[in-house]
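The values are calculated or read from the model by the stated rules, or taken from the named source; none is laboratory data. This is a predicted model, so every value here is computed, not measured. Quick reminder, even Gly has a Cβ in these numbers, built from the backbone with ideal geometry, and neighbours come from all protein chains shown. SASA here: full protein model, heavy atoms, side chains in, ligands and nucleic acids out. Shrake-Rupley method; radii C 1.70, N 1.55, O 1.52, S 1.80 Å.
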Amino acid sequence: MNSARLEFPSNFSIEQNWRDYSADEHAIWRLLFERQQHLLVGRACDEFLDGLGALGVAADGIPNFRRLSDVLDAATGWRIVAVPGLVPDDVFFAYLARRRFPSTCFIRRRDQLDYLKEPDIFHDICGHVPLLMNPVFADYMQAYGEGGLKASGLGHLQHLARLYWYTVEFGLITTQEGLRIYGSGILSSAGESVYCLDDPRPNRIGFDLRRVMRTRYRIDDFQQTYFVIDDFQQLFDATRPDFAPIYREIAALPDIEPDALIGSDRRFDQGPFSGQPNPGKKMGRRLIAAQV
Ligand code: PHE
Ligand code: FE
């Protein structure tokens, strides 16, 4: 057992200690929140913006998990649990399967506004939690947790982790107004929020479960490929079947490189998709670590 494991209870939960945030930490939240709020109009999907509004997460400062959980619980039965950082896979999956979202409590420093390797409270709360207000997405996340426990028993975590990466973290969705963002890794990043929709370089490909599970991903730069769902019901329905035979099927096939295209790909036209003026100013890249 390593020392990190000895410091925390087996479920890794801690107290948020909301009263202990400094004025400067609240000010960093405000800075991040106001910047994203501005960028995400016309870029984030309505389900996300509606969830954010209904949760009452606001620009004024770091939210209190207890209050947020009460609003979230009333809507979809999810609650937020404070954790110190990335937790082991089995702990993470077990939380999701019980409709508990493990969130970090610390906020990045001022010199990390654009670039942070691990998730912080801004990524977890502003990126992930608003969509948990949506009933279909809320069910998808629970099903993912159950699927994670199963995949780990079958030795296929790597394939399942790609599904999380290309949907929960970096997913795009079609709307009548064009493509929109629902992936948290994008939504909490100023640079990637613009890049994923408006830059001509990345591939934007219609969601295909097997294709996603075969595709490797980069954690140290903007994505080279985004997968686009029609709506959350499509995602939920496509992931409902038993994955055991699907894992066996794709294990026999080669991985696909992050930037590669294959014959069956349903490609979207090149952007820009947001219809928003490009903010123009050079924006840094932000990294997030894979949770699974
Ligand atoms: N249907 C998947 C399985 O049988 C579980 C799952 C559901 C995984 C939703 C991810 C998302 O393993
Ligand atoms: Fe995340």
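Here are a few things to note about the model shown:
- Think of a 1.4 Å ball rolled over the protein heavy atoms: segment 98-209 then has 31 Å² of accessible area per residue.
- Over the chain, the ratio between the Cα radius of gyration and 2.2 N^0.38 Å evaluates to 0.96.
- Charge dipole magnitude, Cβ of K and R +1, D and E -1 - the chain, Cα centre, debye nearest 20: 300
- Shape category assigned to segment 79-209 from the gyration tensor of Cα positions, a/c cut at 1.5: oblate
- Burial order of peptide ranges 99-112, 192-205, 122-135 (average beta-carbon count within 10 Å, highest first): 122-135, 192-205, 99-112
- Counted by Cβ distance under 12 Å from Ala260, the other residues give a net charge of -1, where Lys and Arg count +1 and Asp and Glu count -1.
- Within the accessible area of segment 230-280, the carbon and sulfur atoms contribute 51%, probe 1.4 Å, all protein chains present.
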